[in-house]
Structure formats: C-alpha cells, structure tokens
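Trainee: Pasting in a structure now, in structure tokens, and then I'll have a few things to ask.
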Amino acid sequence: MLEPFILIPGRTSRQGTTLNEGKLKQDYLRETSTVLANPDDCRRLGLNAGQRVRLKSAHGEAEAVVEPAKPGELPPGVLFMAYGDTSSRLMGADTHGTGMPDSKGIDVTLEILRPMLQ
Amino acid sequence: MGELRIVENATCTFCGCVCDDMILRVEDNRIVEAKNACVLGKAWFLNHHIEDRPVALVNGKPASLEEAVQRAAQILVEARYPVVYGLSDTTCEAQRVAVAIADRVGACVDTTTSVCHGPSGMAFQGVGEVTCSLGEVKNRADLVIFWGSNPAESHPRHMTRYSTMPKGLFVPRGRKDRTVVLVDVRRTKSAPAADIFLQIKPRKDFEALWALRALVKGVSLDDGVEAETGIPLAQLQDLAQRMKTCKFGVLFFGMGLSMTRGKHLNVEAALALARDLNEYTKFYIKPMRGHGNVTGADNVVSWQTGYPFGVSLSRGYPRFNPGEFTTADTLARGEADAALIVASDPMANFSQPAREHLARIPYLVLDPKETPTVRHAAVAFTTATYGINTGGTVYRMDDVPLPLRPAFPSPYPSDEEVLKRIERTIRDMQEN
Ligand code: SF4
C-alpha cells in the first residue's frame, strides 16, 4: 500500500554532530536515513520503530527507517527527516528560476518494506 | 603529556552564529576541550584533528600539490562552461581568490547560498531588508519571532547569546522582558523555549504571512484563515497586535520559508510584513544563516561582482540570474563542463540529475574531510580547516565581520593558498 505524505527535511542536532565525525561514517548515515512519523499514523499503518520503508517522490526514491515522533511533534500526514543524501534523492531538479529545488514540503508516498525483524 | 595551550576568544565557524568567545584547550595539535561551545561547536572542534590523508588526489591517486595544481588549472582553462561553487565554509580571503579564478576562466560563480537562502537574496532585491545587528537585538528586542527555523538544533547559542536570554540595555531582565514566538510545521525542540508556538500547515507560510499583513493594516478576516493556514484567527490577531505594539520586534526566518514551494515569494511576504510594521514601531527581519561563512560568501561575491550568488562571468562582465547561472541548474541541465568546488558537498546535497552530471565532468574540490564529492573528484585537495588551523575573516549572520584565531597549525595548505596557486598557474597558462 502506498500512503501519501508531505516530507519536511531539516536539521537535527545529531545530524550536525555526526557530520563533524564524518559523512561516510555509520552514525551520520543512520541519522540522515531515519524518518520520523506521527505516532497515530504509525499505529494506523502498523509502523514500529526500526521498520524499513521506501519513500518515493515524483523525482526519485530512497529507503529509510521509521521512528515514531513524540506526540504533538508532527501533524498527521507529515514526515520529518534530517537533511542528507536520502532526502536529497527525493528532491526534484527544477528550481523554478530560483536556483533552489523544492527541498522542504516534498510530496512522497510511503511503502512498507519487509516486516521488521524482531 | 604533550604541550598544553589555551587559545582564548577563538571563533567557532560551524554555524552562522560564529560565536567568538571560545576557550580552546589544545594538546598535541588536538583540541581536547572547547569551553563555551554548544553541542555542535564541540563536535566541530573536537573532530577536526589532523587526518592522515594525501595532500592531493588526481583521479583518486595520491599526487603532489604541484601536480594537482597543474591538473586543476588545466581543467579550468580547457573548460567552455566552468562553474565555481561552494565557498560558504572558508575564509573571505579564500572566497575572493575563487571569484578571481571565476573571472579569469569566465565561469559562473555561485555559493551554497543558492540552495539555502538564495531565494531570500532575491527577495531582498525585490522588497529590501529592514536590518539590524544581533547586538541591537540583544540590547533592545522585546518581541522575538522565529519562523521556519529551529535554533535549538541548528543554531544552539543563538537564543542564549544573542536573541532571547541575554540581559540588554533596554531589556535589563533578559528573557523576562521578551516575548518569544515560534512558527513552524513541526513542534521542534525550540518550542519549549517559546512563549507562543503556532503550528502552521505545511506550505502555507505565504498565506499566514499575508494574513498577518492584512491584520496589521486593520483589514478584517474571517475564519477561513484557519482552514487555510492551520492557525486560528484569534492567534493571528493576537500576534499582529503584539507585533504592532512591541518596542523593538525582530523576525528571524529560516529555510522553512526559502526552501518550501513559493520560496522567494514566502520571504518577500515576510520582508513586506516587517517593512509594514515600521509604520507602527521598530521592526526588523534577518535570515538565520547556516554555514559559518555563508554570509561572507554573499558579501565577497557581492563586492566583487555586484551580485550575491548565481553570477556568470562568461562575457567578461557579471550577469545575475538565479535559475540560469545557479549551480543546481547548470549541473541538472547538463551545461557545466567542469567545476571548482570549495568546501561543499554537492554530490550528497544536490538533486539526482545534478549529481549524475557532476559525476560525468572533471571537477576539482578543496575540503579538509573526505566526502562523497571528494571521492568522485578528478582533483581533490586536502586543506586546512578554517578557524581551527587558519586565520582570516568570516561574517556572522548579521553581516558583522569577525577575525579567526587558529588553534594549531595544519600540515595541509589553506584553501586560500591552494586557490592562489591555481590562479597563478591559470594566469601563466593564459599568458603563454
Ligand atoms: S552556536 Fe554555532 S557558532 Fe556558536 S558554538 Fe554553536 S555551532 Fe559554534
């Protein structure tokens, strides 16, 4: 099943600290491929922490790992992810004459990949 | 135990706050403690030690500096549509040499501003910016609004050092004399630090800002505003009233405005709101700039070409056109045939078509660390880290220039040194 969402990539403390350790290191890669979702959406879709999902936009796709957000942090239908390679893969190339691709508020679909390993 | 040194009043260049009150403990050419730094600043100082990497790589193989400079110059001289990109994490001194190289080879010069606050730069040209320094905010601001920005995680000392906590001349009780408002799609870690949090629907910033403009001017609106923006009319009316009646208000906006659909129009709405408010009180607006010297990049490129980013020098005089001469576009459209990238990682941050094209063309990169961009480069230089190993000048996000105080020397050359050598070699090639 493909669920529509709006994805907001942004900065996190951990993305900032692990960036300094190295962009090719595990901690940075993990932080920038974790997607936060509203807990109600998680319950509705049967998403648990650590579940692998595929996000698809009109421009590309990427795999990520789900983490339920704190209650009240994210409204239903909105996903958050730290900036990085994964979020950039979902971004289109068109800058609409500004030099800046639409990098926040990206329409994506979420597909649940294989069930989580216990 | 090795030699111990204390470097006082060092400057952190990790984010646009550019805090210049660092006390660094340096042991054996390694920073072991960074007093006054936030969590990001600590990670910045404690992780930039001397790594054992070749000074240069040509086609992925270790090379001497001289060989790499020769190859780099050759790539740029032979190119028909070169681009110079990055520049926000290096000194102003290095930035000006990069612009000189762009001028010599007729390149497009563009900085990471184009993919952070580039749309804000366009909006400044359209509306203007009612500007002030962070010192004025500290001493005067009694209403501080963050819109589409999460300072707790992206600029951790902004609130404590400049905007909400410090005691100032006209706000002697510090935080108690201020009202702090946060507007964001997400209830971020900055929310607990605000008195008022307004959760806006995604991609509705323009609408909410325009509604506030109307309310400030006394236009009455109906409840449709809430359905559109997600913010109840009463809350917007309350905010408009606070904005009109504060003594000194400031709106700090982040990439929530500039990166979301509407981009420069979102920022124009915010700038126009701040401008309108000056009919009633003193009201200012500033972008929250990300990289340590991205503001310096805007300043240097502006004073050298007349425009802040997205400038083509191919005709021998500067032309500014975001969307045409900006790097995300020249790469994605497959136009650029060579690139000079300074302290930036487009291979990880750009769209897929832009990355694919970059992988096809010869490019050179200067970076202290290994990144995806370094891995694919025709020529990669390992350089000293600005602010930690090299001196120079950087601009804080409020356009205040600050000197750097390096902690320990690096065996690697500075960006400025490498760029100067490339420029000299290009000049020799062109003259012969
Ligand atoms: S707020 Fe920014 S400049 Fe200041 S210490 Fe933290 S990372 Fe460095």
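The values are calculated or read from the model by the stated rules, or taken from the named source; none is laboratory data. For clarity, every value in this text was computed on a predicted model and none was experimentally measured. Note: ideal-geometry Cβ built from the backbone for every residue, glycine included; neighbour counts use all protein chains shown. Surface areas here come from the heavy atoms of the whole protein model, side chains and all, with no ligands, DNA or RNA. Shrake-Rupley method; radii C 1.70, N 1.55, O 1.52, S 1.80 Å.
Trainee: When the accessible area of the stretch A:2-112 is split by element with a 1.4 Å probe, what percent falls to carbon and sulfur?
Mentor: On the way: 2210 of 4320 Å².
Its accessible area is 51 percent carbon and sulfur atoms.
Trainee: So what is the diffusion coefficient of the protein assembly as shown in µm² per second by Stokes-Einstein at 25 °C and 0.890 mPa s, using a Kirkwood Rh over Cα pairs? Write down the numbers at each step before the final one.
Mentor: Details: Rh = 24.0 Å.
Translational diffusion coefficient: 102 µm²/s.
Trainee: Taking the convex hull of the alpha carbon atoms in the stretch B:321-432, what volume per residue do you get, in Å³? Kindly include the intermediate steps, with their values, before the conclusion.
Mentor: Details: hull volume 16.8 nm³, N = 112.
Spelled out: Cα convex hull of the stretch B:321-432, divided by residues, is 150 Å³.
Trainee: Positive end of the dipole of the stretch A:2-112, charges at C-beta (+1 Lys, Arg; -1 Asp, Glu), about the Cα centre: which of A:Val66, A:Pro76, A:Leu45 has its Cα farthest in that direction?
Mentor: A:Val66
Trainee: Now for a different question. If you place +1 on the Cβ of every Lys and Arg and -1 on the Cβ of every Asp and Glu, how big does the dipole about the Cα centre of the protein assembly as shown come out, in debye to the nearest 20? It would help to have the intermediate numbers written out before the result.
Mentor: Numbers: 64 positive and 65 negative charges, 204 e Å.
Using only the charged Cβ atoms, the result is roughly 980 debye.
Trainee: I've got another one for you. When you look at the Cβ of every residue in B:39-45, what mean number of other chain Cβ atoms sits within 10 Å?
Mentor: On the way: counts 4, 7, 3, 2, 8, 4, 1.
What the average comes to for B:39-45 is 4.
Trainee: Translational diffusion coefficient of chain B at 10 °C, 1.306 mPa s, Stokes-Einstein with Kirkwood Rh over Cα pairs, in µm²/s as a whole number.
Mentor: Values: Rh = 22.6 Å.
So the translational diffusion coefficient is about 70 µm²/s.
Trainee: Across peptide B:322-331, how many C-beta atoms of other chains are within 10 Å of each residue C-beta, on average?
Mentor: Working: counts 6, 7, 3, 1, 5, 1, 9, 8, 1, 1.
Per residue, the number of nearby Cβ atoms from other chains is 4 on average.
Trainee: If I model a spin label at B:Asp21 and B:Thr245 as a point 7 Å from the Cα along the Cα→Cβ vector, what separation in nanometres do I get?
Mentor: Using points 7 Å along Cα→Cβ, the separation is 3.3 nm.
Trainee: Order the peptides B:302-310, A:2-10, B:144-152, B:8-16 from the highest to the lowest mean number of other Cβ atoms within 10 Å of their residues. Let's see the in-between values first.
Mentor: Details: B:302-310: 20.8, A:2-10: 19.0, B:144-152: 25.6, B:8-16: 22.8.
Ranking, from highest mean packing down: B:144-152, B:8-16, B:302-310, A:2-10.
Trainee: Oh, and also: Please turn the phi angles of the stretch B:256-265 into ³J(HN,Hα) values with the Karplus equation 6.51 cos²θ - 1.76 cosθ + 1.60 (θ = phi - 60°), one per residue in order, whole Hz, x for glycine and proline.
Mentor: Values, residue by residue: x, 8, 7, 9, 9, 2, x, 5, 5, 6 Hz.
Trainee: Another question, if that's okay. Enumerate the amide H contacts of B:Val32 below 5 Å, restricted to partners 5 or more residues apart or on another chain; note that Pro and chain-start residues carry no placed amide H.
Mentor: Those lying under 5 Å, H to H, from B:Val32 are B:Arg25, B:Val26, B:Glu27.
Trainee: Just to check I understand the Karplus step: with θ = phi - 60° and J = 6.51 cos²θ - 1.76 cosθ + 1.60, what whole-Hz values come out for the stretch B:92-103, glycine and proline as x?
Mentor: Per residue, the Karplus-derived 3J(HN,Hα) values read 4, 5, 6, 4, 5, 5, 4, 5, 5, 5, 4, 5 Hz.
Trainee: Now for a separate question. Which loop-located trypsin sites (Lys or Arg not before Pro) does the stretch B:278-324 contain, where loop means any DSSP state but H, G, I, E or B and the Cβ has at most 16 other Cβ atoms within 10 Å? Kindly include the intermediate steps, with their values, before the conclusion.
Mentor: Values: sites: B:Lys282, B:Arg289, B:Arg315, B:Arg319; in loops: B:Arg289, B:Arg315.
Within the stretch B:278-324, the qualifying trypsin sites (Lys or Arg not before Pro) (loop, at most 16 other Cβ atoms within 10 Å) are B:Arg315.
Trainee: Go ahead and collect, in residue order, the members of the stretch B:130-163 whose backbone nitrogen is under 17 Å from a label point 7 Å along the Cα-Cβ direction of B:Asp177.
Mentor: From the stretch B:130-163, the list is B:133-145, B:160-163.
Trainee: Separate question: Would you mind calculating the gained length between B:Asp28 and B:Arg80 on full extension (0.36 nm times residue separation, minus the Cα-Cα distance), in nm to one decimal? Please list the in-between numbers first.
Mentor: Details: separation 52, 0.36 × 52 = 18.72 nm, distance 4.63 nm.
Contour length minus Cα-Cα distance gives 14.1 nm.
Trainee: Additional query: Cα-Cα over 20 Å: which of B:Lys204/B:Lys263; A:Lys70/B:Lys286; A:Lys23/B:Lys420; A:Lys104/B:Lys282; A:Lys104/B:Lys138; B:Lys42/B:Lys167?
Mentor: Working: B:Lys204/B:Lys263 11 Å; A:Lys70/B:Lys286 30 Å; A:Lys23/B:Lys420 28 Å; A:Lys104/B:Lys282 31 Å; A:Lys104/B:Lys138 30 Å; B:Lys42/B:Lys167 25 Å.
Those over the limit are A:Lys70/B:Lys286; A:Lys23/B:Lys420; A:Lys104/B:Lys282; A:Lys104/B:Lys138; B:Lys42/B:Lys167.
Trainee: Let me ask you something else. For the stretch B:57-99, which trypsin sites (Lys or Arg not before Pro) are in a loop by DSSP, counting at most 16 other Cβ atoms within 10 Å? Mind dumping the intermediate values first?
Mentor: Numbers: sites: B:Arg71, B:Arg80, B:Arg96; in loops: B:Arg80.
Loop-located and lightly packed - B:Arg80.
Trainee: Which residue, B:Leu221, B:Ser149, B:Pro172, has the largest displacement toward the positive end of the dipole of the protein assembly as shown when charges sit on each Cβ (Lys, Arg +1; Asp, Glu -1)?
Mentor: It is B:Pro172, whose Cα lies furthest towards the positive end.
Trainee: Search the structure for amide H atoms under 5 Å from the amide H of B:Ala56, placed 1.01 Å from N in the peptide plane, and list their residues when 5 or more places away or on another chain.
Mentor: Here B:Ala63, B:Thr382 satisfy the definition.
Trainee: Once Lys and Arg get +1 and Asp and Glu get -1 on their Cβ, which of B:Ala100, B:Val58, B:Val18 lies farthest toward the positive end of the dipole of the stretch B:11-116?
Mentor: Comparing the listed Cα positions along the dipole, B:Val58 ranks first.
Trainee: Counting partner chain Cβ atoms within 10 Å of every residue's Cβ in A:19-27, what's the average? Walk me through the numbers before you get to the answer.
Mentor: Numbers: counts 8, 11, 4, 5, 9, 7, 0, 0, 0.
What the average comes to for A:19-27 is 5.
Trainee: Take chain B, connect every pair of alpha-carbon atoms lying under 10 Å apart with a spring to form a Gaussian network, then pick out the residue of B:Val26, B:Val97, B:Val250 with the largest mean-square fluctuation.
Mentor: Between B:Val26, B:Val97, B:Val250, it is B:Val26 that shows the largest mean-square fluctuation.
Trainee: Going 7 Å from the Cα of B:Leu169 along its beta-carbon direction, which residues of the stretch B:116-154 have the amide nitrogen within less than 14 Å of the resulting point?
Mentor: Label zone hits: B:133-141.
Trainee: Run the quick spin-label model on B:Tyr317 and B:Glu279: label points 7 Å from Cα toward the beta carbon, then report their separation in nm to one decimal.
Mentor: Computed distance between label sites B:Tyr317 and B:Glu279 equals 4.0 nm.
Trainee: Which percent, to the nearest 5, of DSSP beta bridges fully inside the protein assembly as shown are antiparallel? Mind showing how you got there, number by number?
Mentor: On the way: 40 of 88 bridges.
Here the antiparallel bridges make up roughly 45 percent for the protein assembly as shown.
Trainee: Okay, next question. In chain B, what percentage of the DSSP-assigned beta bridges are antiparallel, given to the nearest 5?
Mentor: 35
Trainee: I would also like to ask the following. Counting pairs of alpha carbon atoms under 8 Å apart in space and at least six apart in sequence, what relative contact order in percent does chain B give? Don't skip to the answer; put the middle values down first.
Mentor: Details: 970 pairs, mean separation 107.9, N = 432.
Relative contact order of chain B: 25 percent.
Trainee: Scan the stretch B:109-218 for trypsin sites (Lys or Arg not before Pro) in coil per DSSP, keeping those whose Cβ has at most 13 other Cβ atoms within 10 Å, and list them by number. Write down the numbers at each step before the final one.
Mentor: Numbers: sites: B:Lys138, B:Arg140, B:Arg157, B:Arg161, B:Lys167, B:Arg173, B:Arg175, B:Lys176, B:Arg178, B:Arg186, B:Arg187, B:Lys189, B:Arg203, B:Lys204, B:Arg213, B:Lys217; in loops: B:Arg157, B:Lys167, B:Arg173, B:Arg178, B:Arg186, B:Arg187, B:Lys189, B:Arg203, B:Lys204, B:Lys217.
Filter output for the stretch B:109-218: B:Lys167, B:Arg173, B:Lys217.
Trainee: If amide hydrogens are placed 1.01 Å from N in the peptide plane, which non-local residues have theirs closer than 5 Å to the one on A:Ala69?
Mentor: A:Ala37, A:Asn38
Trainee: What is the percent of Cα-Cα separations in the stretch B:118-287 that go past 26 Å? Don't skip to the end; give the middle numbers.
Mentor: Numbers: 2935 of 14365 pairs.
Across the stretch B:118-287, Cα pairs with separations above 26 Å total 20 percent.
Trainee: In the neighborhood of A:Phe5, defined by Cβ-to-Cβ distances under 9 Å, what is the net charge if each Lys or Arg adds +1 and each Asp or Glu adds -1?
Mentor: Values: positive: none; negative: A:Glu3, A:Asp41, A:Asp107.
The answer is -3.
Trainee: Rounding to the nearest 20 debye, state how big the charge dipole of the stretch B:95-159 is about its Cα centre with +1 on each Lys and Arg Cβ and -1 on each Asp and Glu Cβ.
Mentor: Values: 5 positive and 6 negative charges, 38 e Å.
In debye, rounded to 20, the stretch B:95-159 gives about 180.
Trainee: How many Å² of accessible area per residue for the stretch B:79-119, probe 1.4 Å?
Mentor: Accessible area per residue, the stretch B:79-119: 21 Å².
Trainee: With every atom except the alpha carbons ignored, what do you get for Rg and Dmax of the stretch A:1-78, in angstroms?
Mentor: 13.1, 38
Trainee: Now for a different question. Using the crude model of +1 on Lys and Arg Cβ and -1 on Asp and Glu Cβ, and no other charge, please compute the dipole size for chain A relative to its Cα centre, in debye to 20. Each step should come with its number before you reach the end.
Mentor: Details: 14 positive and 15 negative charges, 54 e Å.
Approximately 260 debye in magnitude.
Trainee: Let me ask something else about it. Show me, for the stretch B:366-379, the HN-Hα J-couplings you get by feeding each phi into the Karplus relation (A = 6.51, B = -1.76, C = 1.60, θ = phi - 60°), rounded to Hz, glycine and proline as x.
Mentor: With coefficients 6.51, -1.76 and 1.60, one gets 10, 7, x, 10, 7, 9, x, 5, 4, 4, 9, 6, 5, 9 Hz.
Trainee: Using only helices, what value at 222 nm comes out for the protein assembly as shown when you add -39,500 (n - 2.57) per DSSP H run of length 4 or more and divide by the total residues, to the nearest 500 deg cm²/dmol? Before the final figure, lay out the partial values.
Mentor: Values: 21 runs with 187 residues, N = 550.
Here the helix-only value at 222 nm equals -9500 deg cm²/dmol.
Trainee: Something else: Given the peptides B:55-64, B:268-277, arrange them by the average over their residues of other C-beta atoms within 10 Å, most packed first.
Mentor: Details: B:55-64: 15.9, B:268-277: 22.2.
Ranking the peptides B:55-64, B:268-277 by packing returns B:268-277, B:55-64.
Trainee: What's the extension gain from B:Ala227 to B:Arg375 if we count 0.36 nm per residue and subtract their Cα-Cα distance? Don't skip to the end; give the middle numbers.
Mentor: Working: separation 148, 0.36 × 148 = 53.28 nm, distance 4.83 nm.
Between B:Ala227 and B:Arg375, full extension yields an extra 48.4 nm.
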